[in-house]
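These notes concern the structure reproduced below.
Bear in mind that the values in this text are calculations on the coordinates, not laboratory data. Bear in mind that the values here come from a model prediction, so they are computed numbers and not experimental data. So basically every Cβ, Gly included, is an ideal-geometry build from the backbone, and we count neighbours across all protein chains shown.
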Amino acid sequence: MPKDQFDSIFQSNPEVALPDPAQLVGDLHAMQELLTSLDPGHGTPLPTPRPELTALLGHSGVEAAQNLADIAARAAGFADEDIPQEDLDTTLRPWQLLLDTVGTDGIRLTSAGWLPPAVVVRLREELGFERPYGKGNREEFTVEVKNLRESATRAGLVRRAKGRLVLTKFGQLCRDSQNELIYAVAQSLVRDDVEFDQDTRVVTLLFVAADWKIGPDSRRAADAAARGVDLSPFDILHSFEDDVAHMLHDIGWQVEGQRPPNADDVRPPVVRVLNRLGAGHGKEFEVPSSPAIRKLARLALFEQ
């Protein structure tokens with residue numbers, strides 16, 4: 001990604017001091033120490049990066065690692081912003097509602113292992129999810145509800161037991177503690193069993209944490225300007241996917257016969273992360289942005 005394009009995308013934070021790029025490659029322990037020493041512009045060093053971020057930098061080329069370190073420093077620069085309690089409540093609302101719905105007695109699942117229709121309808125309606133298929137009462141066809149349950153399972157908050165969906169002991173703790181819940185949700189956002197998808201999640205979270213904006217040189221922005229129309233939320237989302245794919249190519253990723261990754265390749269993990277970050281705000285298919293959302297992204301990337 002050219003430096004001028006990079007700067008046009010991440011332009012909301014002050015300048016940061018960058019290290020020698022050669023130091024960013026190879027030694028993961030040294031890289032953690034290096035990132036922790038970076039100054040995000042407020043006189044406070046970066047917190048220790050989580051293993052997923054450290055690993056991404058460890059197999060990046062020099063220029064890509066430098067850009068990623070710059071984004072990480074810019075993201076950490078938002079750590080001092082005020083986070084309204086209402087914003088935090090709204091961001092965590094999907095998980096809180098699911099935990100409250102499961103409750104102490106759990107929920108009996110259908111014979112196929114899905115949430116019962118009445119519960120799907122309640123979650124969908126109370127969270128304002130759209131109804132894309134049929135009556136919107138079947139979990140397997142209601143993507144937002146299905147993804148919410150999967151993310152709660154990934155976070156260790158719920159599990160199946162004897163035909164019921166129940167809270168884990170950790171889920172019971174998080175149900176009554178927002179501080180515990182936000183950490184659990186954050187860690188579930190960054191982990192993936194597939195290396196490419198995990199790197200995509202890390203880049204997605206870095207972009208969100210650093211308050212990504214569509215660059216003026218984006219082909220979608222240029223096309224909209226040429227047609228004299230405003231960018232739609234989907235145009236902005238697709239531009240975000242373009243930039244994530246570009247960054248992964250800079251890192252060194254290739255797919256299917258050694259071609260550069262494109263928006264279609266990164267879309268599944270990108271959308272899963274963005275859906276979860278924005279679901280409480282009614283922005284499942286947009287690039288969400290708020291102080292609480294940036295905090296959630298930072299918690300996924302840095303030890304606290």
(Q) Just to verify a result, which residue in segment 105-129, among those that are over 24 Å from the mean Cα position of the chain (by Cα) and of a type in the set (D, E, K, R), is nearest to VAL145 (Cα to Cα)? (A) ARG122
Q.
Can you confirm whether GLY215 is touching an Asp or Glu at 6+ places or on another chain (Cβ under 9 Å) and small (Gly, Ala, Ser)?
A. yes
Q: Return the residue satisfying two criteria in turn: it lies in segment 150-166 and is in a helix (DSSP H, G or I) and touching a helix residue (DSSP H, G or I) at 6+ places or on another chain (Cβ under 7 Å), and of such residues it is farthest from GLU284 (Cα to Cα).
A: ARG154
Q. Failed condition for VAL229, given (1) assigned to a helix (DSSP H, G or I); (2) over 30 Å from GLY171 (Cβ atoms), with all others met?
A. (1)
Q) With PRO288, PRO261 as the choices, which residue is part of a loop (DSSP other than H, G, I, E, B), touching a Leu at 6+ places or on another chain (Cβ under 6 Å) and over 17 Å from LEU148 (Cβ atoms)? A) PRO261
